[in-house]
Each structure stands twice: as C-alpha cells, then as structure tokens.
Amino acid sequence: MLKKILKVVIDTPLDTTFDYRWTQTTTDSVLPQVGQFVRLPFGRREVTGLILEVLDSSDVDEDKLRDVIELRHQIAPLSAEWIALCQFAADYYHRPLGEVVLPGVPKHLREAKPASIERALKKIRVTAADITRAAADDGAIGQASSAPVLNDEQRAAVDAIAATTGFASHLLYGVTGSGKTEVYLHAAQALLEQATASGTRAQILLLVPEINLTPQLEHHVRARFPQLNVATLHSQLSEGERLRHWLSAHEGHADLVLGTRLAVLASLPHLKLIVIDEEHDPSYKQQEGLRYSARDLAVWRARQLNIPVVLGSATPSVESWHHAGSGRYRRLDLTRRAVAQATLPRIGLIDMERNKAPDGLSAPLIAALRDRLEHGEQSLLFLNRRGYAPVMHCDACGWISNCRRCTAFMVLHKPERRLRCHHCSLELRVPVSCPTCGNVDLQPLGRGTQRIEEYLQTLFPEARVLRIDADSTRRKGSAQQAFESVHRGEVDILLGTQMVAKGHDFQRLTLVGAINPDTALFSQDYRAGERLFAQLMQVAGRAGRAAANQNRQSEVLLQTRYPQHPLYRALLAHDYAGFAETTIEERRSAGLPPFIYQALLRAEAKTLAAALEFLQTARDLLPHEDISINEPVPMTITRVAGVERAQLLLESASRTQLQTFLKHWMQALRAMKTRLRWSLEVDPVDI
Ligand code: ADP
Ligand code: ZN
Ligand code: ZN
C-alpha cells in the first residue's frame, strides 16, 4: 500500500503548514499532487487544504498524524506559478499563506460535493467545445459588431503592447474619452491571434475598478468577439456562477476574464496580458483581510510570467506617473478624444463666496441645468455624500445626532425616515422631537444626495431626475437598470455619488456639476488632493463624449469657495501632468511615498488606552534603527461600533529593510498572543 505525507495549508491564522497522511486504497487511481485540494480533519471540523508538498516521510510522530479524508482530483491542480503568486502576496502583506490561498478560490470549490464540481466542469467543457467548432479556421478572431478604425495614437499604443516581448509595464495615459477601451480590446485581440498563429493558448485578464462597469464592458466584449469565451469575476456573482467562471479561467477555457480587484488572484494557466483600467482607482485596494493592491499584484504577476501589463488612466496614480518618469513604466499617450467631433469639456468654477446657494445649487449652475433641459440634453450632478443630511440638530438645546456607538453623526435618510450611521449601520427611526429637550422642530444640517434630489424636483417639476447612490441601488441588478435608463435617454438630470463618476460612456451628457468638492481639499490624508483631482477629472470626463453634441460646447461647473486653489487651477487647464509633477515634488520634499515606504499597524480595543498601550508595546518590541516608527495615535474616526481604534505608522526609505523588519516584527507580535484585535497594512492608502 502506497503511503505519502502531504504538507498542506489551510485557512487559519496559524502561519504554518500541516502534515497529513495519505494511504492509497484499492479504489484510488489518482495520486496526490502539489496544487491539489484535499479534504482534511482539523480539530473537530472538516476543512479544505491545498497540497504544497508530497513527501515520503514526516517529522511529526506517526501516531499524531491524521489521515486525509479525500483528494479533490476533479480539477487540474493549481500551478506552481499560482502558488508562487499567493506566496508573494502572503509574504509581502504578511498574512499566512492559507489565508491567501483558500479565501481566494470559490466557496463551492472548498466545500461543495465533488459531484457539483463535476457538473460545473461539464457545463464549461460543452460550451468551450461548441465554440471551438464554430471558430474560424484561419485563427483570426472575427468581429461581429464592427470595431472602429483606430486613430494613429491608439494604433501606436496597440502596436507597442502587442510587440512587447517579455515583461513590460505600459502606462496608457489617455484623456477621458480617448478610447482606451479600444486599445485594450485590440491589444487583447492581437495577442490572442498571435497565440493561435503559433499554436499556443492565450488568456487575457481585464480588471475594472467598479462592479457597475462590468455589464457595459462585458456586453461590448461579447458583441465584439462572439466566438471567445468570456468569464467575469466579481463579488456579486452567486456561488454557483463564481464556481463556473473561476473554473472556466482555471481550466483554460475562458479566453478573456473580466473582473474587479479579486480577479487578480484568479488561476489563469495561459495568461498573456493583464489590463488594469482606471489604475489610479482606490477600489483596487482591498481594505480588509488580505489588504492587497490588485494593481501592484498585477504588475508583480506580469513580471513573474514575463508578459506585458497595461495600466490605463486619464489621471494615473502619482506612483505610476513617477515610475513612468523614471523609465520603469513605458508611457503611451492618447491626447485627444476618439470620437471625431467630441472635444474635452470646458471646465468652469463657480465662486461660492459670491454666489450664495442656501439649497446647495448656485444660480449659474441652476441656469446651466435649465439650459440643458430646454435643449433635451442630459446633466450630471456629483455629490459624494449620500442620505438627506449628514446631521440632525436641535436649535433649542444643541442636541446633535451623534451615533452612540461611533465618533460619527447619524445621517438623516428622509425617504426611509431613518437615522443611519454609515460606520456601524446602526439605524433609528427619525425622532419626532428632540431626545433631550422635546423640541419638535429638529433641523437637518448640510446636504446629501436625497436633499438635492428633492430640491431639483421643486426646481424642475417636469424634469426626470434620477439619483444613483448606494441607497438607491441596494437591490441586486438595480444599479445596472438605473445606468441603462440613463443610456436610453430616459433621464434628464442624473445625480449621484462617485458611483456615477467612473468610466461610464454616457452619450447624451453635456453638463457636469460638482456640488461641493471642497470638503476633500483640507483632509489630513496626504493623498486626498490626488484623489479629488482624479475624481473631478473622471466626473468631468463624462461630459461631451459624443459627436452629436459638436455644435454645443459641453461644460463642467465646479462650485467652490476656493477658486484660486492650485488643484482647481490645474483642473481648469486639464493639466493632469502639471498637477502630478507638483504633487511628486511635494512628496519628495516631505518624504512621503513613493519616495519612502509605509506600513500601518492598527489596534482595536474596548478602551482607547488599551489600544494605544498595545501599540506602544509593539513599537518598543524590537530594535529598529532603519525604520522610523511614529507615536501611536487614535484613528480619525476613533470609535466604531463601540470599539476604540488607534494606529502606528512605520516608515522607511528602503522597501527591503521595511519588509525584513515587518517579518520579524510580525512573529514577535503574534508571539504576544494578545486578545486585542490588530492588523497590519502594507502600503496603506488611508492614513
Ligand atoms: P476612455 O475609456 O478612454 O474614457 P472609451 O474607451 O470609453 O474612452 O471611448 C470613448 C468613446 O470613443 C466610445 O464611445 C468609443 O466607442 C469611441 N471610440 C473609441 N475609439 C474610437 C475610434 N478609433 N473611432 C471612433 N470612435 C472611437
Ligand atoms: Zn433639544
Ligand atoms: Zn455608528
């Protein structure tokens, strides 16, 4: 009887591998392999592990070894490259490998019965076979919907990407509406055809920042390449769908995988190109569990596989711009809008010191909206604050709608008649009178999207106003429906949070208004300016994308009390490059990323003192000459859901030194066995 020892990882905070015994039975025809999933007893539970090594003997005592329950041999083993990618993520972000590997695969793969995996596999294989049969013989990928003829800048970009041999990071710097999507699709097509011509396989990974952008893009891709297998990976798939799509990528059937950040960890055995659209977008950063940057992992993965990666944006992150400047990334520029007569919108500022706007909209902005309504054109209003009013207040006694569990206000949601805390999701009915003095005249303070919506309806009773934010799109599929109705022209004024700012190719939009962008100007976070600039440039870029509006200049109006602020001056001139250069110089002289490297240790406790004390202990745990560790400080929103939170910032001029320190430090921290919750974030984006 053949016996093997399997070294496996499982999903547990213990940063170690586990040995199990596998004994061949008469019915076993398959031997265990590295990269295969396996069902195991763990304590009193049954769990899934991934085999990292298959050995003949173990250092663990024979009587302590437990037996494998069953091998999951239905699917092909995960490749060594995929395991190496997970190992890199585990090392770099300092998480146990098991906590990277297992949550990274579909739940059904870990837990479902082999029969349902086999059913999913059968489905994939049938579709793939059908498609192979239907495909053209000459290897050309035919185009059902006609592709536009690329302009010379797009052509040059596609050629540069397709001609890449080995690893290269291309920064596709293209103004909004310059047709970056076409560049991605043509480059993908070129690589797929190259592969077919040389008798090999290719898979393309295309990442988008926002789940609501996937349907539009998926539709576009399928119409363009009807004979390709397209799989999508994002957090709104059902478990069954996720299993099928993940398997389709893993088994090599999907030619093109379209997804949000989590797709960067998909198993793609024939990966030949990675594209990250809107690479600057903060949502590429996972903010819990494994706090990874999908963009950074994508670049690492491309280097590992020796393939090109394309980072596309009209407002690249300061890091990427810096890398392009230093020659690490190759810059490809698209300087004008792709649609012949579409031009960039004119950006104007409305000085709110001179234009009072008690209801949130100034007279010039209202006039511009009215003008669009009269011409049957669409407008978009951007306000990054959902709800009706951020605070409720009692004039008589000074009561204010604090959340009792957080250092935050409860937000008034008027249509739902609720006060809601956006940090702990506590919900209360709107009080009919002041909880402290009984005054019945409670006032909403400030304005959110619901309040602007209400005002718009009184201003323009006959206009079709649509609000899109997290509240209006809670039901599955409702966001997609809402965006489709905008595309169909059923909306006159679209109003929303950053959900409406990103990526969408609205064809009838000629006016964009930013209601209150100033709030982000004076944030403590050194990245706030960069983010605001990108956000406003993105939202501005939704205007004037179609040729039909050529006879009318499209317009962007920003309401601000600081019209002289350098950020707005740069926006007026559409001068991303100037803004980025200034920001880079500021970062250089202030000693901030990308010139130094950071990590953040966060602690949560019942009392702030306990959180700070833990961080102080952590700070003094190891000698650290080359690493600067700041004093522990409370987080900006100190209390959330009754938990006090504090943080400790580590900085170093050397990434290697920081990483080496973190490795030892994490071991020491784990050895403390504190009951307090803590977590480490490498390259934090919110400080
Ligand atoms: P971006 O992502 O750069 O903001 P998109 O990829 O959404 O821009 O393209 C903007 C618009 O230009 C789309 O409607 C697209 O169909 C169109 N477009 C792209 N390339 C061309 C081209 N070469 N000729 C004509 N129209 C184009
Ligand atoms: Zn009161
Ligand atoms: Zn709360």
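The values are calculated or read from the model by the stated rules, or taken from the named source; none is laboratory data. Keep in mind that this is a model prediction, so the values were computed, not measured. Here the Cβ is made from the backbone with ideal geometry for all residues, glycine too, and neighbour counts use every protein chain on show. Note: areas computed on protein heavy atoms with side chains; ligands, DNA, RNA excluded. Shrake-Rupley method; radii C 1.70, N 1.55, O 1.52, S 1.80 Å.
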For this session: Determine if region 463-477 includes at least one residue that is buried (at least 22 other Cβ atoms within 10 Å of the Cβ) and part of a loop (DSSP other than H, G, I, E, B).
Result: yes
Problem set entry | First in region 209-229 and among the β-branched types (Val, Ile, Thr), second anywhere and open to solvent by 40 Å² or more (accessible area, probe 1.4 Å) and not in a helix (DSSP H, G or I), Cβ under 6 Å, 6 or more apart | Ile211/Gln236
Problem set entry | Answer residue from region 379-404, given it is open to solvent by 40 Å² or more (accessible area, probe 1.4 Å) and within 16 Å of ligand 3 (Cβ to nearest atom) and is farthest from Gly513 (Cα to Cα) among those | Arg404
For this session: Scan (1) within 16 Å of ligand 1 (Cβ to nearest atom); (2) more than 30 Å from the chain's Cα centre (by Cα); (3) crowded, with 21+ Cβ neighbours inside 10 Å for the single condition Gln341 breaks and write down its number.
Result: (3)
Exercise. Looking at this structure, is Arg569 under 30 Å from Gln538 (Cβ atoms), among the charged types (D, E, K, R) and in contact with a Pro (Cβ under 9 Å, 6 or more places away or on another chain)?
Worked result: yes
Seminar exercise, completed: Scanning region 409-440 for residues that are assigned to a loop (DSSP other than H, G, I, E, B), more than 16 Å from ligand 2 (Cβ to nearest atom) and either of a type in the set (A, V, I, L, M) or at positive phi (or both) gives Arg417, Ser425, Leu426
Seminar exercise, completed: In region 183-204, anything open to solvent by 20 Å² or more (accessible area, probe 1.4 Å) and either of a type in the set (D, E, K, R) or in contact with a helix residue (DSSP H, G or I) (Cβ under 6 Å, 6 or more places away or on another chain) (or both) is listed as His186, Ala190, Glu193, Arg201
Exercise. Pairs, please: C-beta under 6 Å, at least 6 apart or cross-chain, first residue under 16 Å from Leu50 (Cα atoms) and in region 106-117, second at pLDDT 85 or above and among the hydroxyl-bearing types (Ser, Thr, Tyr)?
Worked result: Arg110/Thr48
Exercise. So Gln507 fits all but one of (1) surrounded by 21 or more Cβ atoms within 10 Å (Cβ to Cβ); (2) in contact (Cβ under 8 Å) with a residue 40 or more places away in the chain; what number is the exception?
Worked result: (1)
Seminar exercise, completed: How many residues of region 254-311 are more than 25 Å from Thr176 (Cα to Cα) and more than 16 Å from the chain's Cα centre (by Cα)? The answer is 16
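Just to be sure before I move on: is Gly513 away from ligand 2 (no atom under 16 Å from the Cβ), under 30 Å from Tyr562 (Cβ atoms) and of a type outside the set (Asp, Glu) in the structure I sent? Walk me through it before giving the result.
On the way: away from ligand 2 (no atom under 16 Å from the Cβ): yes; under 30 Å from Tyr562 (Cβ atoms): yes; of a type outside the set (Asp, Glu): yes.
So Gly513 fits the description; yes.
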Exercise. Of (1) of a type outside the set (S, T, N, Q); (2) within 16 Å of ligand 3 (Cβ to nearest atom); (3) open to solvent by less than 30 Å² (accessible area, probe 1.4 Å), Phe409 satisfies all except one. Which?
Worked result: (3)
Exercise. Applying the selection to region 146-188, what residues are within 9 Å of ligand 1 (Cβ to nearest atom) and on the phi > 0 side of the Ramachandran plot?
Worked result: Gly177, Gly179
For this session: Return only the number of the condition from (1) of a type in the set (Ser, Thr, Tyr); (2) more than 24 Å from Ala671 (Cβ to Cβ); (3) touching a residue at least 60 places away in the same chain (Cβ under 8 Å) that Tyr92 does not satisfy.
Result: (2)
Exercise. Of all the residues that make up region 149-169, how many are closer than 24 Å to Trp300 by Cβ and either within 16 Å of ligand 2 (Cβ to nearest atom) or surrounded by fewer than 17 Cβ atoms within 10 Å (Cβ to Cβ) (or both)?
Worked result: 4
Exercise. When you go through Ala482, Ala470 one by one, which is the residue that is within 28 Å of the chain's Cα centre (by Cα) and without any contact (Cβ under 8 Å) to a residue 60 or more places away in the chain?
Worked result: Ala482
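Take the residues in region 426-444 that are aliphatic (A, V, I, L, M) and surrounded by 14 or more Cβ atoms within 10 Å (Cβ to Cβ); name whichever of them is nearest to ligand 1 (Cβ to nearest atom). Talk me through it step by step, then tell me what you get.
Going through region 426-444, the residues aliphatic (A, V, I, L, M) turn out to be 426, 428, 430, 432, 440, 442.
Cutting the leftovers down to surrounded by 14 or more Cβ atoms within 10 Å (Cβ to Cβ) gives us 426, 428, 430, 442.
Numbers: Leu426: 39, Leu428: 42, Val430: 41, Leu442: 44 Å.
Restricting to residues being aliphatic (A, V, I, L, M) and surrounded by 14 or more Cβ atoms within 10 Å (Cβ to Cβ), the top hit is Leu426.
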